[in-house]
Amino acid sequence: MPAVQFGLGLVAFSRSRVLPLSLVLMLVSGCAMMIQMAASNTILQTIVDEGHEPTSTELGRVITDTRLGRPMDDALAETAERIGSKNFSFVITAVMIQRQVGGSLAGLFDMVADTVRQRQQFTRKIKSLTAMGRASAYTLVGLPFFLGFVATVVNADYMHPLYHTSTGHKLIFVGLAMMAFGSLILRKIVSFKG
């Protein structure tokens with residue numbers, strides 16, 4: 001079973017070009033590989049050799065750093081900081097704790113892969129649930145511009161005082177300021193940082 005899981009995970013990993021998906025597939029492959037192999041440098045080297053950008057490059061830098069005498073924990077921590085992915089930082093933290101405490105790295109990779117997969121699924125679910133709110137926000141921001149354009153095209157004399165008097169300019173400025181404030185509030189309502 002681990003050999004099949006490793007094979008399928010490695011094939012999917014080699015096809016992935018997106019870092020978060022590569023991360024999950026790397027963990028699945030790594031979990032099965034840990035059951036088959038013991039040395040972590042061998043596993044990293046296999047991921048670098050078989051993987052695609054950007055994961056293989058980042059892990060290649062880790063291997064290079066460790067070959068130059070840098071501790072594995074420091075190299076992994078720098079990689080996590082450089083990438084800036086919360087999921088990758090979570091994986092690196094779990095691996096560093098496991099290296100200090102000991103235990104089954106295969107079980108850890110399996111658990112971390114499941115956690116990262118659930119986090120990604122939760123993020124996608126939140127984005128789909130807030131999609132209608134984002135569409136409403138875009139409509140509310142764009143509607144005044146559209147109506148102003150239509151009113152200008154249909155009856156330019158009606159819009160003339162708005163464009164050519166100081167009171168009209170003040171009204172345009174106040175309207176733009178209120179729209180900017182409203183769009184900030186709408187952005188805050190529908191945004192989600194996972």
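Modelled with pLDDT of 75 or more and over 22 Å from the mean Cα position of the chain (by Cα) - does that describe any residue in segment 55-64?
Looking through segment 55-64, at least one residue is modelled with pLDDT of 75 or more and over 22 Å from the mean Cα position of the chain (by Cα).
Give the number of residues within segment 149-190 that are free of Cβ contacts under 8 Å to residues at least 24 places away in the same chain and either surrounded by 10 or more Cβ atoms within 10 Å (Cβ to Cβ) or under 30 Å from PHE122 (Cα atoms) (or both).
Residues that pass the stated criteria total 28.
Do you know which residues across segment 66-84 are basic (Lys, Arg) and within 15 Å of PRO54 (Cα to Cα)?
ARG82
When you scan segment 163-177, do you find a residue that is touching a Gly at 6+ places or on another chain (Cβ under 8 Å), on the phi < 0 side of the Ramachandran plot and among the aliphatic types (A, V, I, L, M), even just one?
Checked against the condition, which is being touching a Gly at 6+ places or on another chain (Cβ under 8 Å), on the phi < 0 side of the Ramachandran plot and among the aliphatic types (A, V, I, L, M), segment 163-177 yields no hits at all.
So that you can scan it fast, the table gives a plain yes or no per residue for (1) among the hydrophobic types (A, V, I, L, M, F, W, C); (2) surrounded by fewer than 13 Cβ atoms within 10 Å (Cβ to Cβ); (3) at pLDDT 75 or above:
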| position | (1), (2), (3) |
| --- | --- |
| SER29 | no, no, no |
| ALA32 | yes, no, no |
| SER40 | no, no, no |
| LEU44 | yes, no, no |
| ILE47 | yes, no, no |
| LEU68 | yes, yes, yes |
| ILE92 | yes, no, yes |
| GLY103 | no, yes, no |
| ASP110 | no, no, yes |
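Please go through segment 49-66 and pick out each residue that is part of a loop (DSSP other than H, G, I, E, B) and either surrounded by 18 or more Cβ atoms within 10 Å (Cβ to Cβ) or in contact with a strand residue (DSSP E or B) (Cβ under 8 Å, 6 or more places away or on another chain) (or both).
GLY51, the sole residue that qualifies.
Out of ARG117, ARG124, report the one residue that is in contact with a helix residue (DSSP H, G or I) (Cβ under 9 Å, 6 or more places away or on another chain) and among the charged types (D, E, K, R).
Result: ARG117 is the single residue among ARG117, ARG124 that is in contact with a helix residue (DSSP H, G or I) (Cβ under 9 Å, 6 or more places away or on another chain) and among the charged types (D, E, K, R).
The values are calculated or read from the model by the stated rules, or taken from the named source; none is laboratory data. The shown structure was predicted, so the numbers you read here are calculated from the model rather than taken from an experiment. Cβ sites come from the backbone with ideal geometry, for glycine too, and all protein chains shown count toward neighbours.
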